[in-house]
Amino acid sequence: MRRRDFCELMAASAGSYIPATFGLRLLCGAPLNASSPETSTPWPAKANYQNNREPLLPTKYVKLRLGTVRPTGWLRDQLKVQANGLTSHLNTVWGVVEDSGWKGDAGRNVTPECCTPRFVPRWLEGLTALAGVLDDDRLKALADPYMQYILTVRDLATVTPSAIAWAHLGRSLPDYYDITGDARAIALARRILDYTDSVRNSSDMAVVDPGRLGMLLSFGWWYYNRSGDHDILALMERCTKRCVADWKNYFVHFPEDPKYFAHFPDVTAEKSPEEPPSQWTRHGVNVTQAIQYPVLHYLMSKDETDKDNVLQGLANLDKGYGQVGARWNADEWLASTDPIQGTELCDVEELLYSLEKSFEAIGEPSFGDRIEQLMFNAFPGTCTADMWAHQYDQQANQVLVSVAKRPWHLNDDTSNIYGFTPNFPCCLANMHSPWPRYIQSMWMATADSGLVAALYGPCRLQAMVGEGSTVDITEETDYPFSDRIRFTIHNEHPVSFPIYFRIPSWANRAELSVSGELGPRHPQRGTCFKLERVWKSGDVVTLCFNFKVRTETRRNNAVAVAWGPLYFVLRIGESFERITVLGGVPTPPGCVNWRIAPTTAWNYALAIDRNHPQCTLATSRISSMPFAQKGEPVKLPGADEFIPWQEDVPFVLKVKARQVPQWGMHGANAAAVPLSPVNADSPETLVELIPYGCSRLRISEFPTV
Ligand SMILES: [Zn+2]
């Protein structure tokens with residue numbers, strides 16, 4: 001997509017939101033299908049970790065200070081891969097970051113043109129979180145010149161008039177404060193809130209986007225809790241109430257309009273179809289960001305419909321646009337359930353952020369399930385394993401990565417290339433925060449002076465529990481490549497406190513065993529199971545989820561295969577070819593664009609019983625580049641060139657299948673999945689399925705024989 005097109009669209013859609021009066025229909029008794037999580041839990045005054053100040057409701061859980069949870073095992077390897085990839089090189093390979101008004105280079109890359117002012121804050125958000133999670137001085141030093149300048153800026157508009165760009169910067173302030181304790185971060189948060197308040201009625205989309213004013217809620221509450229500044233409550237209400245009301249209405253009512261479910265197959269259109277104003281709410285990043293707004297607003301409004309409407313919106317979005325791994329098709333605009341439609345990397349990143357904030361706020365366990373699904377499938381699947389390249393749009397059925405016209409709305413022919421800036425640079429700026437924020441969200445504090453294991457993976461932490469005791473916990477696991485986790489408690493003196501364990505909805509009669517106790521407990525899936533006892537140093541909890549291979553029925557009666565949070569896709573031979581110029585823009589030295597063509601057949605129908613899928617499972621050591629497939633070209637730390645990775649994926653399923661000769665290409669994509677069951681006379685064979693996140697070419701939705 002040309003930048004100018006995008007800017008024109010943004011300008012054309014200014015102020016285009018569904019009238020808040022639509023909400024009256026819900027208040028008059030429209031049924032809610034989604035179950036509500038329990039209401040807010042009181043937070044004791046003498047807790048180890050502070051919650052919201054009154055009159056805000058307390059959040060269900062409280063995130064621990066950045067750096068409290070340290071990744072170990074494969075998660076540490078993955079974070080190191082990121083730290084050695086583009087995240088630590090963006091300031092030398094991308095002029096937008098290298099010379100920037102965000103570090104005082106006057107007039108550089110901060111013009112009000114479209115999204116450019118947001119790029120540096122988005123990179124800083126990920127860089128700061130990564131530096132904190134790894135306690136990496138090199139990464140901290142990279143962010144420092146920017147933060148040192150930004151914290152001194154009094155007139156924010158001199159850097160950029162974009163309030164949304166400043167809101168992105170605001171999201172990084174809590175992490176920066178955690179690392180440095182620099183009180184200037186609190187003062188800057190106030191200046192951002194004041195500036196946004198002063199421009200909130202502007203009709204200039206380069207200054208304020210009214211559909212994104214809800215972004216203030218995340219760092220606005222952080223500011224209030226640290227300052228006690230009561231004036232901010234009225235400001236937040238002024239700035240966010242309308243935005244939140246509009247999104248609530250959208251989440252509840254959009255499925256009633258058949259337009260929202262329309263497919264956009266018009267690959268020949270010279271120009272994007274005219275969008276009626278209300279369809280701006282179909283923009284993927286707008287929608288994924290907005291998931292958090294009503295939930296965070298609920299903390300102030302105490303209006304239960306704020307969070308209930310979001311739960312209903314998630315279900316509606318799944319129904320209209322759902323893809324494997326909890327993402328939604330949105331190749332700029334939300335678009336159908338077809339597995340060849342695209343999902344922008346920024347949609348995945350923003351949905352992760354929304355769900356992490358929302359889980360902390362209301363503790364809905366299914367949000368944890370979604371976070372793990374996005375984190376272990378869509379996000380690694382849309383980056384190369386070495387994190388030196390990314391896509392703009394990923395596909396569930398992606399059999400050719402190339403510059404070609406695809407039936408996507410707005411996004412250009414380069415969008416599914418793994419490269420430096422396919423289609424548009426927003427994803428290049430936005431690919432840095434998902435992994436470190438996942439680590440930050442793995443453990444949180446509870447109202448009863450305990451801890452909740454919210455998201456799983458190998459890590460260790462030191463936290464306060466009980467009446468101010470310190471406890472160390474090591475979490476040893478290969479999760480999600482294993483369904484078994486071992487937690488070991490270390491403390492100086494025995495201490496009583498609860499640990500809550502999120503039990504994913506994919507668990508099968510989960511078993512939780514505690515050292516010294518007879519027999520396992522069987523916590524219910526879809527809950528956070530409370531285990532309270534007097535913990536002694538050396539106590540061990542073993543949690544086994546007993547995942548089974550399961551199937552999901554998808555569009556055209558296709559089938560998808562999953563195990564735990566992982567989705568499994570057909571292993572397709574991948575031939576990588578470098579493209580040095582993309583969209584007319586030369587790629588910077590050291591960076592790369594990949595065209596990837598299949599070298600093996602991909603048109604298989606699975607010969608499996610959907611209710612009792614028979615598969616052979618094989619696991620192997622997780623390599624130091626956890627999402628690399630053998631042969632994928634990768635760049636190692638300090639190297640100039642890309643070399644083929646020598647180790648294979650950590651998990652393979654083998655299933656019976658038959659080739660379907662009549663299923664071929666349609667343009668640059670796999671044709672629609674034939675309606676199952678298909679007639680296939682080809683001989684039965686065994687095919688390999690690998691984790692979605694390890695694939696650059698894939699079939700995720702299969703026909704069956
Ligand atoms: Zn993007």
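Values quoted throughout were computed directly from the atomic coordinates according to the rules given, and no laboratory measurement underlies them. For clarity, every value in this text was computed on a predicted model and none was experimentally measured. Cβ: placed from backbone, ideal geometry, glycine included. Neighbour counts: every protein chain shown.
Where the only charges are on Cβ atoms (+1 Lys, Arg; -1 Asp, Glu), what is the dipole of the stretch 550-699 about its Cα centre, to the nearest 20 debye? The partial results should precede the final answer.
On the way: 15 positive and 12 negative charges, 69 e Å.
Here the stretch 550-699 has a charge dipole of around 340 debye.
Output needed: percent of Cα pairs per 20 Å distance bin for the chain, bins running from 0 to the one holding the longest distance.
18, 55, 26, 1
Starting from the stretch 51-157, pick out the trypsin sites (Lys or Arg not before Pro) whose DSSP state is loop and whose Cβ has at most 10 other Cβ atoms within 10 Å.
Arg154
As an exercise, use a Förster radius of 60 Å and the Cβ-Cβ distance of Glu532 and Gln614 to find the FRET efficiency, rounded to the nearest 0.05.
Result of the calculation: an efficiency of 0.90.
Tell me which of Leu636, Leu352, Phe545 sits at the most positive position along the dipole axis of the chain, charges placed on C-beta atoms (Lys, Arg +1; Asp, Glu -1).
It is Phe545.
Taking 1 over the mean of 1/r across every pair of different Cα atoms in the stretch 550-699, what Kirkwood radius in Å do you get?
Here the Kirkwood hydrodynamic radius works out to 17.2 Å.
Once Lys and Arg get +1 and Asp and Glu get -1 on their Cβ, which of Val120, Gly170, Asn91 lies farthest toward the positive end of the dipole of the stretch 75-213?
The one lying farthest along the dipole's positive direction is Gly170.
Just flag the trypsin sites (Lys or Arg not before Pro) in the stretch 560-640 sitting in loop per DSSP whose Cβ has no more than 16 other Cβ atoms within 10 Å. Each step should come with its number before you reach the end.
Details: sites: Arg571, Arg578, Arg595, Arg610, Arg621, Lys630, Lys635; in loops: Arg571, Arg610, Arg621, Lys630, Lys635.
The qualifying sites are Arg610, Arg621, Lys630.
For the stretch 638-689, what is the Kirkwood estimate of the hydrodynamic radius, computed as the reciprocal of the mean inverse distance between distinct Cα atoms, to one decimal in Å? Please report the intermediate quantities before stating the final value.
Numbers: mean 1/r = 0.0681 Å⁻¹.
Final number for the Kirkwood radius of the stretch 638-689 is 14.7 Å.
Please sort through the DSSP H helices of the chain and keep those with an alpha-carbon extent of at least 15 Å along the long axis and a Kyte-Doolittle average not below -0.5.
Span-like helices, by this rule, are 116-134, 137-150, 163-180, 184-199, 216-227, 231-253, 345-362.
Please report the projected area of the stretch 289-328's Cα convex hull averaged over all directions, in nm².
Mean projected area for the stretch 289-328: 2.8 nm², to one decimal.
Run the dipole for the chain about the Cα centre, Lys and Arg Cβ at +1, Asp and Glu Cβ at -1, nothing else charged, and hand back the magnitude in debye, nearest 20. Intermediate results must be reported in sequence, preceding the final value.
Working: 68 positive and 78 negative charges, 142 e Å.
My answer is approximately 680 debye.
From zero outward in steps of 10 Å, how is the percent of C-alpha pairs of the stretch 391-451 spread across the bins?
Per 10 Å bin, starting at 0, the Cα pair percentages come out as 19, 34, 21, 13, 11, 2.
Please report, to one decimal in angstroms, the Kirkwood hydrodynamic radius of the stretch 560-639 built from all distinct Cα-Cα pairs.
This gives a value of 16.4 Å.
Lys/Arg Cβ at +1, Asp/Glu Cβ at -1, dipole of the stretch 550-699 taken about the Cα centre: which of Thr599, Leu689, Ile622 is farthest positive-ward?
It is Leu689.
Just the projected area, averaged over all directions, of the convex hull on the alpha carbon atoms of the stretch 402-552: how many nm²?
Numbers: hull surface 49.9 nm².
The directionally averaged projection comes out at 12.5 nm².
In which sequence would His493, His432, His390 go, from the one with the fewest C-beta neighbours within 10 Å to the one with the most?
Lowest count first: His493, His390, His432.
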